[in-house]
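For reference, the structure is listed below as structure tokens.
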Amino acid sequence: MQLQQLVYFVAVSETRHFTRAAERAHVAQPSLSQQIRSLERELGAELFSRARGNIALTDAGEALLPLARRILADADTARHEVQELAQLRRGRVRLGATPSLCTGLLPEVLRAYHRRYPGIQLLIEEGGSRDLVRELATGSLDLALIILPLQSHDPALATTELLREELVVVSAAGSPPVVDGQRVRVEDLEGRPMVMFRRGYDLREFTVGACRAAGFEPTLAVEGGEMDAVLGFTEAGLGLAVLPSMIADRRAFVQVTPFAGEGLQRTIGLAHRKDVEPPRAARELRRVLLDYLDRADATGTLPPGTRRVRTPTRDEDDLPPA
């Protein structure tokens, strides 16, 4: 008895028509009829009554039908489980992340994931959130760590809030203090030369927006750089920069000044397309990431200037359990 014979038998049972069953099974009708006859010979009983062109199940066919459906369902489950297991032995995950997260968060997470699934190839796309959202929309990425909230014109993405991130003002080491006190206000940046990221970085839009909300346009001494370039220009004394605390605190040649009050903060989230479920390997990476953040939060080892967010956004679509 072959699985394909059972597929044909169930198709005929449900359509009560050999031609329609053949169309449903994507096989020529003579081949399907031949396989049904072969199954009947093997079982030693007719499965269908074919009187006057009317197709009906015999007693033997009635007895076989629930068993055939169960066998086919079990075979499909086995095939699915093996394929899922194979995905975690080989394959790839395409993950996008902002530059600060590539440096300040991902190394430990990816190390934990690689230890667990050494056969999975990790493809990392580094870029600003706007760019990463577009990559997700086109299917070029499975997951992306982006800055929330999404804009109204963004594609439909499921998002999970992960961290609140503190932003700070960075200046060259040895340069005069940004302000007389310990903390700086956004208003204190007016008229000060600033080093600014290229367009496409959320941090650029965030900083410019904060300055405009305070009533002034930022003075740009240098603009258009990536994360390393902005840090390098700042270290060289070309201007001030607003950067994530998790990156600024790792640099030895800059001085870091926090913002006053509640400061400037932004939300880091994980996103994927709503209309396409990420592959198993990507879902496992999500689980490893969340486990890492929970452990780091419990032990006080989250990246500098961040705190764990446990309340999901309203856009969140929980992935099914791994």
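How large is the direction-averaged shadow of the alpha-carbon convex hull of the stretch 152-257, in nm²? Walk me through the numbers on the way to the answer.
Working: hull surface 30.9 nm².
So the mean shadow area of the Cα hull is 7.7 nm².
Classify the stretch 73-140 as rounded, prolate or oblate from the Cα gyration tensor: take a ≥ b ≥ c as the square roots of its eigenvalues, call it rounded if a/c is under 1.5, otherwise prolate when a/b beats b/c and oblate if not. Display every interim value, and only then the final one.
On the way: a/c = 3.86, a/b = 1.72, b/c = 2.24.
It comes out oblate by the Cα gyration axes.
Consider the candidate values [x] 26, 37, 20, 13, 4, 0; [y] 33, 54, 12, 1; [z] 33, 61, 6; state which one is P(r) over Cα pairs in 20 Å bins from 0, in percent computed from the structure displayed.
[x]
Could you give the angle, 0 to 90 degrees to the nearest 10, between helix 106-116's Cα long axis and the longest principal axis of the Cα atoms of the chain?
30 degrees
Comparing Glu46, Glu135, Glu284, which has the greatest mean-square fluctuation in the GNM of the chain with Cα pairs linked when under 10 Å apart?
Glu46
Mind giving me the FRET efficiency for Arg192 and Arg111? R0 is 25 Å, r the Cβ-Cβ distance, nearest 0.05 is fine.
Working: r = 39 Å, r/R0 = 1.56.
FRET efficiency, Arg192 to Arg111: 0.05.
For Leu3 and Arg250 in the same chain, what is the full-extension length gain: residue separation times 0.36 nm, less their Cα-Cα distance, in nm? Please list the in-between numbers first.
Working: separation 247, 0.36 × 247 = 88.92 nm, distance 6.05 nm.
Contour length minus Cα-Cα distance gives 82.9 nm.
Can you send over the carbon and sulfur percentage of the accessible area for the chain, probe radius 1.4 Å, protein chains only?
Values: 7920 of 16530 Å².
Carbon plus sulfur share of accessible area: 48 percent.
Comparing Asp202, Asp297, Asp180, which has the greatest mean-square fluctuation in the GNM of the chain with Cα pairs linked when under 10 Å apart?
Asp180
Could you order peptides 267-274, 10-17 by the average number of other Cβ atoms within 10 Å of their residues, highest first? Don't skip to the answer; put the middle values down first.
Values: 267-274: 21.2, 10-17: 17.8.
The densest-packed peptide leads the list: 267-274, 10-17.
Could I have the simple spin-label model distance between Glu226 and Ala28, label points 7 Å from Cα toward Cβ, reported in nm to one decimal?
Roughly 5.8 nm, to one decimal.
Among Arg307, Arg115, Arg204, determine the one that fluctuates most according to a GNM of the chain built with springs between C-alpha atoms less than 10 Å apart.
Result: Arg115 has the largest fluctuation of those listed.
Find the relative contact order for the chain and round it to a whole percent, using C-alpha pairs within less than 8 Å whose residues are 6+ positions apart. Don't skip to the end; give the middle numbers.
Values: 502 pairs, mean separation 66.1, N = 322.
Averaging sequence separation for qualifying contacts and normalising by length gives 21 percent for the chain.
Quick one: in the stretch 234-284, what % of C-alpha pairs are over 18 Å apart?
Working: 701 of 1275 pairs.
Here the tail beyond 18 Å accounts for 55 percent of pairs.
How large is the direction-averaged shadow of the alpha-carbon convex hull of the stretch 1-133, in nm²? Write down the numbers at each step before the final one.
Details: hull surface 49.5 nm².
Computed as one quarter of the Cα hull surface, the answer is 12.4 nm².
Could you tell me the distance between the Cα centroids of the stretch 116-166 and the stretch 18-79, to the nearest Å?
If you average the Cα positions of each part, the centres end up 48 Å apart.
Pop the C-beta distance of Thr138 and Asp59 into the FRET formula with R0 = 41 Å and round what comes out to the nearest 0.05. Provide the component values of the computation, followed by the final result.
Details: r = 56 Å, r/R0 = 1.37.
Using R0 = 41 Å, I get an efficiency of 0.15.
Based on alpha-carbon atoms only, what is the radius of gyration of the stretch 1-75 relative to the globular estimate 2.2 N^0.38 Å? All intermediate terms of the calculation are to be shown ahead of the outcome.
Numbers: Rg = 11.2 Å, N = 75, 2.2 N^0.38 = 11.3 Å.
Normalised by 2.2 N^0.38 Å, the Cα Rg of the stretch 1-75 equals 0.99.
For the stretch 228-317, calculate the relative contact order in percent as a whole number, restricting contacts to Cα pairs under 8 Å that are 6 or more residues apart.
Numbers: 28 pairs, mean separation 27.2, N = 90.
Across the stretch 228-317, relative contact order equals 30 percent.
Just grab the label-to-label distance for Arg79 and Leu122, each label 7 Å out from Cα along the Cβ direction, in nm (one decimal).
Result for the modelled spin labels: 3.4 nm.
Where the convex hull is taken over the Cα atoms of the stretch 62-196, what is its projected area averaged over directions, in nm²?
On the way: hull surface 57.6 nm².
Computing the convex hull of the Cα atoms and averaging its projections yields 14.4 nm².
Quickly rank 211-224, 89-102 as a protection proxy: mean count of other C-beta atoms within 10 Å, highest first. List each step's numbers first, then the result.
Working: 211-224: 14.4, 89-102: 20.7.
Ranking, from highest mean packing down: 89-102, 211-224.
Keeping every protein chain present and rolling a 1.4 Å probe, give me the accessible area per residue for the chain in Å². Before the final figure, lay out each step's value.
Working: 16530 Å² over 322 residues.
With the other protein chains kept in place, the chain gives 51 Å² per residue.
Arranged from highest to lowest average of other beta-carbon atoms within 10 Å per residue, in what order do the peptides 155-164, 286-295, 47-56, 117-126 appear?
Working: 155-164: 18.7, 286-295: 16.8, 47-56: 12.4, 117-126: 14.8.
Result, highest mean Cβ count within 10 Å first: 155-164, 286-295, 117-126, 47-56.
Pairs of alpha-carbon atoms within less than 8 angstrom and 6+ residues apart define the contacts here; what relative contact order does the stretch 41-173 have, in percent?
Details: 107 pairs, mean separation 26.6, N = 133.
Over the stretch 41-173, the number comes to 20 percent.
The values are calculated or read from the model by the stated rules, or taken from the named source; none is laboratory data. Every value quoted in this text rests on a predicted model; they were computed, and no experiment measured them. Here the Cβ is made from the backbone with ideal geometry for all residues, glycine too, and neighbour counts use every protein chain on show. Heavy atoms of the whole protein, side chains included, go into the accessibility calculation; ligands, DNA and RNA do not. Shrake-Rupley method; radii C 1.70, N 1.55, O 1.52, S 1.80 Å.
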